[in-house]
Structure formats: structure tokens, C-alpha cells
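These notes are about the structure you will find just below.
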Amino acid sequence: MITVGITAYNCHLWLQEAINSLINQSSQDWEGVLVLDCKADEETKQIFNKFNHNKFTKYVSKNNHGPFINRAKAIELAKAEWYFQLDGDDILPPKSIELIAGTIKTQSNAQYIYGNCEHFSENKSIIKTPKKDPDALCYGPLFNAASPIKKSLYYEMGGYSKDLFINADWNFWISVYENNIIGKYINQVLYKRRQREN
């Protein structure tokens, strides 16, 4: 079982699509956690309030402290050993969970799994593969920062920094790299990241 945490803040145009991309996975070996930021727009709140599904837990944050407080809450609520972050404006390709679950079964020593990421907008789409040069960490994560992780790894690295409003995931992955933690690469698109303003 993999917990997929969907965090929602001012994403009403895309939130249902994100949710559906999880519900319609080729493998049903998942549970969902839907976390709504308390300062989300009314349209996003309406989608959250109307949504009910027996594989989802729903939670409304009490404060607006940025995206990583909501991600941390989703991880806290996760019942599975593995956690996979999905932002409310992004999409999982149909076989993501199947590929990840298969890798978990065959690579028992892996603490995280990473793959390719499709960055897309209305006009274009680019597949980004992981960077291999650690100096690239000076500018951003080496691969999609929402990649699946073991919950135990999250806590071992101290979670997301409470001092960073943005880029706390990048900071987390720097810690993973510095500690030589073992991950497994899948040469497939595991995540589709929407490129949009703001």
C-alpha cells in the first residue's frame, strides 16, 4: 500500500483532475489523503467539501504556513509505509502506482523511488530525466521533489524544515544525498507537473 497525499490550495481548476488521476490508476494498491489549506479559495473548498471516496481521508489545515506544513500533515496521516506527494494541480500517469508498487516489492533496500517527470502546459510538454551531477543541487533537486519516500526516511531526515516557506523539499533531498541514502530509479514518467503562473 502506498499513501498518496494530495494537498490543495487555490487549485480548483485542476483539483478534480488530480484526484481522478489517482482514482483511475491501473493498480488500486493505494490510499489517498486529501489536505485542504485553510486559506484556499472558495471554489477549491467547495470541491473538497463535496468530495467523498472510501479510499480517502480528508483534513483541513488550521493555519496557512505554506505547502510543506500541509505535506507534513498528509505524511502524518498516512497509514502506509510509503508516501507519494501529489500537488493539487498536478497529475499521476495511469501506471505510476503499479510501477512504484512493483519496485517496492523487488527493491526492499530502497528508501525512495524516483523517475522521469513530465513538465506540461497547454502549449508544450517536456520530459525531464534526473540529473546526475551533484553540483546541480546548488540550483534545485536532482529529480522530481515529490518522489515516493518511505515514511521512516522522512522522519530520519528530520522532516521538512519549519524555517523554509518554500524549497523545504529541496532541503530534504539535499539531506538524503548527504547521507548517502539508497534510492531506485525507474526509467518511466512517474509524475506530471503542471507549469503555470504563480
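The values are calculated or read from the model by the stated rules, or taken from the named source; none is laboratory data. Just so it is clear, the model here is predicted, and its values are computed rather than measured. So basically every Cβ, Gly included, is an ideal-geometry build from the backbone, and we count neighbours across all protein chains shown. Each accessible area value is taken on the protein alone, full model and side chains, heavy atoms only, with ligands, DNA and RNA left out. Shrake-Rupley method; radii C 1.70, N 1.55, O 1.52, S 1.80 Å.
Results, tabulated for the structure shown:
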item: Residue list for the stretch 93-126, restricted to those being aliphatic (A, V, I, L, M) and touching a residue at least 60 places away in the same chain (Cβ under 8 Å); result: I97, L99, I100, A101, I104, A110, I113
item: Strands (runs of 3 or more DSSP E) enclosed by the stretch 79-198 - at least 3 residues per element that are within 28 Å of T44 (Cβ to Cβ) and of a type in the set (S, T, N, Q); result: none
item: Filter result for K58 (of a type in the set (K, R) and either within 24 Å of Q188 (Cα to Cα) or open to solvent by less than 30 Å² (accessible area, probe 1.4 Å) (or both)); result: no
item: Filtered residues of the stretch 26-47 (kept if open to solvent by 10 Å² or more (accessible area, probe 1.4 Å) and out of contact with any His (no Cβ under 8 Å at 6 or more places or on another chain)); result: S26, S27, Q28, D29, E31, C38, K39, E42, K45
item: Inter-residue pairs, beta-carbon under 8 Å, first under 15 Å from W14 (Cα atoms) and in the stretch 38-54, second open to solvent by 100 Å² or more (accessible area, probe 1.4 Å), 6+ apart; result: A40/Y9; T44/Y9
item: Failed condition for N63, given (1) surrounded by fewer than 16 Cβ atoms within 10 Å (Cβ to Cβ); (2) modelled with pLDDT under 95; (3) in contact with a Lys or Arg (Cβ under 8 Å, 6 or more places away or on another chain); result: (3)
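For (1) out of contact with any Leu (no Cβ under 8 Å at 6 or more places or on another chain); (2) modelled with pLDDT of 95 or more, each residue gets a yes or a no:
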{"position": "K55", "(1), (2)": "yes, yes"}
{"position": "Y59", "(1), (2)": "no, yes"}
{"position": "P67", "(1), (2)": "yes, no"}
{"position": "T103", "(1), (2)": "yes, yes"}
